[in-house]
1. Just give the residues from the stretch B:107-149 buried by at least 40 square angstrom of accessible area in the all-chains context relative to the isolated chain, probe 1.4 Å, and say none if nothing qualifies.
2. Going by a 1.4 Å probe on protein heavy atoms, which residues of the stretch B:272-296 end up with at least 30 Å² less accessible surface in the whole assembly than in their chain alone?
3. Using the structure shown, list the pairs from A:Lys4/A:Lys312; A:Lys4/A:Lys374; A:Lys46/A:Lys150; A:Lys390/A:Lys417; B:Lys39/B:Lys364 with a Cα-Cα distance above 29 Å, or answer none.
4. Where in the stretch A:23-70 are there GluC sites (Glu not before Pro) that are in a DSSP coil and have at most 16 other Cβ atoms within 10 angstrom of their Cβ?
5. Counting protein heavy atoms only and a 1.4 angstrom probe, how many square angstrom of accessible surface do chains B and A bury in total, to the nearest 100?
6. What number do you get for the stretch A:3-42 when its Cα radius of gyration is normalised by 2.2 N^0.38 Å, N = residues?
7. Please figure out what share of the DSSP beta bridges in the protein assembly as shown is antiparallel and state it in percent, rounded to the nearest 5.
8. How much mean residue ellipticity at 222 nm does the protein assembly as shown get from its helices, if each DSSP H run of length 4 or more adds -39500 (n - 2.57) and you divide by all residues, to the nearest 500 deg cm²/dmol?
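The values are calculated or read from the model by the stated rules, or taken from the named source; none is laboratory data. Note that the structure is a prediction, hence the values are computed from the model and not measured. Quick reminder, even Gly has a Cβ in these numbers, built from the backbone with ideal geometry, and neighbours come from all protein chains shown. For the accessible areas, the whole protein counts, side chains as well, though only heavy atoms, and no ligand, DNA or RNA atoms are used. Shrake-Rupley method; radii C 1.70, N 1.55, O 1.52, S 1.80 Å.
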Amino acid sequence: MDRKDNFINIKHLYNRAGFGISYPELQQFSKKRLSKVTDALLNPEKPITDLNTVNKDEFIAQQALLASLGAKKEQTPQEKQQREDITKARNEKSRDLNIDWLQQMIATENPLREKMTLFWHGHFACRANHPYYAQELNNIQRKNALGGFKTLLLEVSKSPAMLDYLNNQQNRKGRPNENFARELMELFTLGRGNYTETDIKEAARSFTGWAYNKNGEFEFNQKVHDEKEKTFFGQTGLFDGEAIIDLILAKPETATFICRKLYIFFVNDTPDESHVKGLAAYFYEQKYDISAVMNKLFTADWFYAKENTANKIKSPVELLVNMSRKFYVIYNKPQILIQLQTSLGQYLFNPPNVAGWPGGRNWIDSSSLMLRMKIPSLVLNDGILDFNGKADPEDEAVIALNRKPRPRPVKSYINAKANWDRFLADLPKDMKQAELASFLLQPALDTRISDLVNHNVNLKNTAIAVTSMPEYQLC
Amino acid sequence: MKRRDFLRNAAFAAAGTVFVPAFMKPFEALALDELSLYKNLVVVQLSGGNDGLNTVVPFGNDIYYQMRKNIAIKADDVIKLDDMQGLNPNLNCLRELYDQGWMSIINDVGYPNPDRSHFRSMDIWQTASDANQYLSTGWIGRYLDSNCAACNSPYTAIEVDDSLSLAMKGSSKKGIALKDPAALFRNTNESFFREMINGNKEHLDEDNLGYLYKTMIETSSSANYIQNTSKIYQPNYTYPTTAFSNQLKTVSKFICSGLKTRVYYVSLSGFDTHVNQNAQQGRLLQQYAEGMNAFVKDLHQNNKLEDTLVITFSEFGRRVAQNASNGTDHGTANNMFLFGGKLKKQGIYNAAPNLGDLENGDLKYQVDFREVYGTILDKWLDVNNGQVLNKRFNTLDFI
């Protein structure tokens, strides 16, 4: 493989496995063998950084206070105020958590781990009822992002966020709640068609007693666990939750389901079933080692084939993170990042439902595309955003409490600064506009784009023009 | 109508039916064009879960007063519609529409195994899915996908907002979101945007880049069409100055200027009234009623009310009993409002909620919301509802 091919391949790898690559890194890595670069991505020397926005002790103290206030029949005005303050603080923490993660993705030296966390965030999609739970689930997804799938699945299943979201907290002996058992098989492991309604019922009975306590920790509640025999996938035994998970993982269909989703996320919206099959066989053989299957994916020839490059529509988060990383953007008013996420249709920690964001062409409609093309000139040129996302339905109670009819703010200053000096210093002194365009874009340049950028007075203008193009929506 | 357009429409109307030479039946051709192809649906979404029982008040039922000691609307204050039900006094502006026969109320609309999460239930209403099914396309989006004769452009469905709701997204076609046609027109006529789409035919492949360019080109032509068609029309009706009324005023401008759009979508937020409900809900209901009053009368004055059907829904109703904070918590079935000049059954469509027969303190639904959608798809939007709703639903008799 010659140098130029390697340059293109590494750019592709970093777009998919991370959030893009800087020019100096690209220069440096394209001298190395692709397998070495992949190794470094999979095994970076940097430690894993947990999100730590919500403090556990504060969370426990707050919950205790809420419980004592809730127990009273009549509340004094001060106590009512206390409750309102707690709700307000919790909503603020939710926003902080969102921004902290986005900023972590922008700054990370561990791009594959954050990208995988984003993948699992969509796969194990959850709307947690407390930012502390949301944070802990996110940390579980990050810690196990490249580890064993079984550990990841177990820890997710035992997280208060998921136990609450899928109603396992209410799943008791004699009164089973099937929500978790159904989604576990339909969306997290096997996919539709690989289990029966009886399997769901029997699995639900096995997960009775999986619950969490007031400190936000998993607790097995023996008293409500159904200890009788269950028949699952035709086998009969005294199954508990973990036994059910083992039986699900014993089915190769689970490996296929996960690998198809990985393929759609990292390779192509339309999966090539022969490639998926190869990945799945390997994943199963490697006992669901995520790192191993990702290594296989990133080193496969087909990963670098023409039909699998420059053809994926960036998710809103990928678009924002890639651009912010590339131009070293500082957000002086980071709340704008939330407005941008809601306007573009991907509000982290708030997936549309347990099936996650549908992705691909679903990101694009006339208004979202117009906004996507406008964002670079707004962020990089410090413009004004005159666009509102929809209120999240969960925020309706807050809207209802506004006593005066108050239209949502129409215009917001982006108040962000791109570090142009640093960006331009990264580039070769004699770089031509067209060269910069082909560095920033994944699709190959056509004459129309070359002609367009050749008229730019300087590289900064080229960068803004190119990132505003529909081609920049692809990675 | 220009002669050439007229001939084309006449020929089009004849195709697929018993063949009649176009020139023999010009008036029927025109009638189909006017009456069938340009009937409008306006969807009004009340977000947050509007409390239906304090909207259409069952003042004739003692259970209502027992379960809502602090927040029940007094019988004397209710605008009575029959012996059992009446409107919240803040809906006073609807009375006139009701008396004209332009309004009907369907009680207890819902779905099996109701979900009490705002997000999930809104998802279910917008995608028309079952409670345990996840769809990534909306019901109006799938109507666009169905490729019916009159729904093949992005301006077939317009949402008056900055961003597009899931309801409006199909798998191959999507509606268009815009707050201000002039602003969209300016944006799509910026020189950079024009340069990007001019002479770029080679990109119109089936791949994702082709899809992006196709979306841009469609946005641009829709923006031109909407702006050029609607700017000629001068609104002559005075609306209240709320944001909600502004949305309706924009819709009216589009309808009255003869835009070939079939579905419009607007929304009003803030109905999640867990605390001190009456003041908050009252304020919102008043905004809603004043806006609807202006909108319906405006359409009537412009002879468009017969071609328009307005539906109002919320993702769920609220529990029958009030909570300890003089509010209500998330419930299930709810009423829907219909407005139009061609309602078949005016007034109250079906029996009032049975407060004596609840399920865990919640109303049982009488009508599946997909029967309402199905009726509209079949009888108003001229497409077989099974094609859009993934299975066939019974139709009702309101239009």
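1. SASA drop of 40 Å² or more in the stretch B:107-149: B:His118, B:Phe119, B:Asn132, B:Tyr134, B:Ser136.
2. B:Asp272, B:Gln280, B:Arg283
3. Values: A:Lys4/A:Lys312 22 Å; A:Lys4/A:Lys374 32 Å; A:Lys46/A:Lys150 24 Å; A:Lys390/A:Lys417 26 Å; B:Lys39/B:Lys364 33 Å.
Flagged as over cut-off: A:Lys4/A:Lys374; B:Lys39/B:Lys364.
4. Working: sites: A:Glu25, A:Glu45, A:Glu58; in loops: A:Glu45.
For GluC sites (Glu not before Pro) across the stretch A:23-70 that sit outside H, G, I, E and B with at most 16 neighbouring Cβ atoms in 10 Å, the list reads A:Glu45.
5. Details: alone 17920 and 22810 Å², together 36450 Å².
So the total buried area for this chain pair works out to about 4300 Å².
6. Cα Rg divided by the expected 2.2 N^0.38 Å: 0.98.
7. Working: 29 of 52 bridges.
Looking only at bridges with both residues in the protein assembly as shown, the antiparallel portion is about 55 percent.
8. Values: 36 runs with 396 residues, N = 874.
Value at 222 nm, helices only: -13500 deg cm²/dmol.
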